[in-house]
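Have a look at the structure below before the remarks.
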Amino acid sequence: MTSETHAVAAAAGSGTYWLACSIFAISFLLIVSEKVHKTKVALLGAAATLGLSVLSQEEAFHSPHLGIDHSVIFLLIAMMIMINIMGRSGIFEWSAVRMAKLARGRPFPIMVVFLLFTAVFSALLDNVTTVLLFAPVTLLIADELEIDPIPFLIVEALASNIGGTATLIGDPPNLMIASRSKLGFMDFVVNLAPVVVVMLAALVAVTWVLFRKRLKVDDKRRDHILQMNEAKLIRDPALAKKSLFVLVLVTLGFATHGSTHIEPATIALCGAAVLLLISRLDAHRVLAEVEWPTIYFFVGLYVIVGGVVKVGLVSDLSRFVIDITQPTETSMFATSMVLLWFSGIASAFLDNIPYVATMAPMVSEMAVTVFQDGAAVSPVPLTTLHHPVIMPVWWALALGSCLGGNGTPIGASANVVVLGIAERSGRKISFLRFMAYGMPVMFLTLVISTFYLWLRYY
């Protein structure tokens, strides 16, 4: 056993194990209850995790496995800066009217257009960046049509998580799985994009059933949209051009980071810095409009989850899954199915990033145990990591962790961002209202994934 394994085992046998689990459970219940603002709960839970020595400050702030994921935090801050600057040009109003005209001003077709655009952009960029781009546009078009934007925002969050599942860069868990499994961009596209297309079609069908009769707008509002001259909505053409130029460069950076090896957070920070410079806007005003409550919610949540990861709760659950499925050299069907559903349900309640950080190494260790009789080799040979029997297990982990994020507002980063933007605009989305849509979609997509894995790989 490694020293880290000994530490986890010791924690599990002490009060620290139950202390970390209690902090997580109490924090989660308070967030669900909405009696206290979620950011206050997350920061208080993080303070308890540090103050009661579940995590050390070094672990919380600097550990790549237990601490705050600074890449995600700075990616969010940088993209929020860019979005705030872009918003001052009027480009979002222009986009809102163009998309509404594409759907002839009818609410349900507008929802479908937004859903599909969100999914595609989430696959090409990442789901957090995409919802940062589309949420302001959604709020604007909902105001013009005088309809409730909350169903639109929830559907876009769900679509972003589904669309992001299709590619290596679409959702952070896929990046982590790719790093551990040594799988490339096209591996994810070939193996996950087909089922994502099916799931998006299912999501459109679900929204049709839920909203086609509820989303109504009178002809006067439709005519108002159709007669609008979107060109006049651009308040600062020069800033719009600068913003689009920088956004295109950042998008290209995201799409090619697998080749350039420049991390998305670095690309986003460069884009934000350049746009802040060439826009000549006041830095204090731009930075003041960053969604700081959302940022600090993430910070607190990472620390709380880091505590339960450190004491071994996630590892215990993961080993339990492997123990009951008994993977062999000839078949891991049971392992794939259980891992898919376990990952989906766990990722709905734990942030999927630290969950995958714990699970991905365990899948790698399982491959070594099964195919190399436990003989430790570093690095693990690609023939082991890419063995035909283990490949469906990687895809089950990717599907479960990405799609499970749709279950609750804290399951995926994109969900938290959407709720933060909605709250700032005065349209608070309750925890239970999000779950009322997210949980059925999560279970539907997991069922589709089950049949897909079975039909394609077994």
How many of the residues in the range 250-296 are surrounded by fewer than 15 Cβ atoms within 10 Å (Cβ to Cβ) and more than 22 Å from the chain's Cα centre (by Cα)? 11
Taking the residues in the range 309-335 that are farther than 27 Å from residue 63 by Cβ, of a type in the set (Val, Ile, Thr) and at pLDDT 80 or above as candidates, determine which candidate is surrounded by the fewest Cβ atoms within 10 Å (Cβ to Cβ). 330
Of the residues in the range 218-234 that are assigned to a helix (DSSP H, G or I) and free of Cβ contacts under 8 Å to residues at least 24 places away in the same chain, the one that is least open to solvent (accessible area, probe 1.4 Å) is 219
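Restrict the check to the range 26-48 and report whether at least one residue is touching a Leu at 6+ places or on another chain (Cβ under 6 Å) and within 21 Å of residue 346 (Cα to Cα). Working first, answer last.
Applying the first criterion (touching a Leu at 6+ places or on another chain (Cβ under 6 Å)) to the range 26-48 yields 36, 41-42.
Now narrow it down to the ones that are within 21 Å of residue 346 (Cα to Cα): 41-42.
Yes.
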Output for Cβ contacts, cut-off 7 Å, separation at least six or different chains, first residue modelled with pLDDT of 85 or more in the range 252-276, second open to solvent by 60 Å² or more (accessible area, probe 1.4 Å) and not aromatic (Phe, Trp, Tyr), reads 253/262; 271/249; 275/242
Of (1) open to solvent by 60 Å² or more (accessible area, probe 1.4 Å); (2) modelled with pLDDT of 85 or more; (3) assigned to a helix (DSSP H, G or I), residue 41 satisfies all except one. Which? (1)
Looking at residue 49 and the list (1) of a type in the set (S, T, N, Q); (2) within 30 Å of residue 286 (Cα to Cα); (3) open to solvent by less than 30 Å² (accessible area, probe 1.4 Å), which single condition is not satisfied? (2)
Restricting the search to the range 424-442, which residues are out of contact with any helix residue (DSSP H, G or I) (no Cβ under 8 Å at 6 or more places or on another chain) and either farther than 27 Å from residue 34 by Cα or modelled with pLDDT of 95 or more (or both)? none
What about residue 73, is it within 17 Å of residue 270 (Cβ to Cβ) and touching a Leu at 6+ places or on another chain (Cβ under 6 Å)? no
List, please: which pairs have Cβ atoms under 7 Å, are six or more places apart or on different chains, and start with a residue in the range 283-304 that is under 19 Å from residue 411 (Cβ atoms) and end with one that is not in a helix (DSSP H, G or I)? 299/68; 301/351; 301/410; 302/67; 302/68; 302/69; 303/55; 303/68
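Does residue 178 satisfy the condition of being of a type in the set (Gly, Ala, Ser) and either loosely packed, with under 14 Cβ neighbours inside 10 Å or more than 22 Å from the chain's Cα centre (by Cα) (or both)? Can you show your working first?
Details: of a type in the set (Gly, Ala, Ser): yes; either loosely packed, with under 14 Cβ neighbours inside 10 Å or more than 22 Å from the chain's Cα centre (by Cα) (or both): no.
So residue 178 does not fit the description; no.
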Looking at the range 88-99, which of its residues are modelled with pLDDT of 80 or more and open to solvent by less than 20 Å² (accessible area, probe 1.4 Å)? 89, 90, 91, 97
Do we find that residue 165 is within 11 Å of the chain's Cα centre (by Cα), open to solvent by less than 10 Å² (accessible area, probe 1.4 Å) and over 24 Å from residue 444 (Cα atoms) in this structure? no
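Consider residue 121 carefully, then state whether it is buried (at least 21 other Cβ atoms within 10 Å of the Cβ), within 15 Å of the chain's Cα centre (by Cα), assigned to a helix (DSSP H, G or I) and of a type in the set (Phe, Trp, Tyr).
On the way: buried (at least 21 other Cβ atoms within 10 Å of the Cβ): yes; within 15 Å of the chain's Cα centre (by Cα): yes; assigned to a helix (DSSP H, G or I): yes; of a type in the set (Phe, Trp, Tyr): yes.
Judged against the criteria, residue 121 is a match.
Only one of these is modelled with pLDDT of 85 or more and either over 20 Å from residue 71 (Cβ atoms) or not in a helix (DSSP H, G or I) (or both): 215, 200. Name it.
Working: 215 fails: modelled with pLDDT of 85 or more.
Matching residue, one of 215, 200: 200.
The values are calculated or read from the model by the stated rules, or taken from the named source; none is laboratory data. All values reported here derive from a predicted model rather than from experimental measurement. Note that each Cβ is placed from the backbone with ideal geometry, even for glycine, and that neighbours are counted across all protein chains shown. Surface accessibility is based on the protein's heavy atoms, side chains included, excluding ligands, DNA and RNA. Shrake-Rupley method; radii C 1.70, N 1.55, O 1.52, S 1.80 Å.
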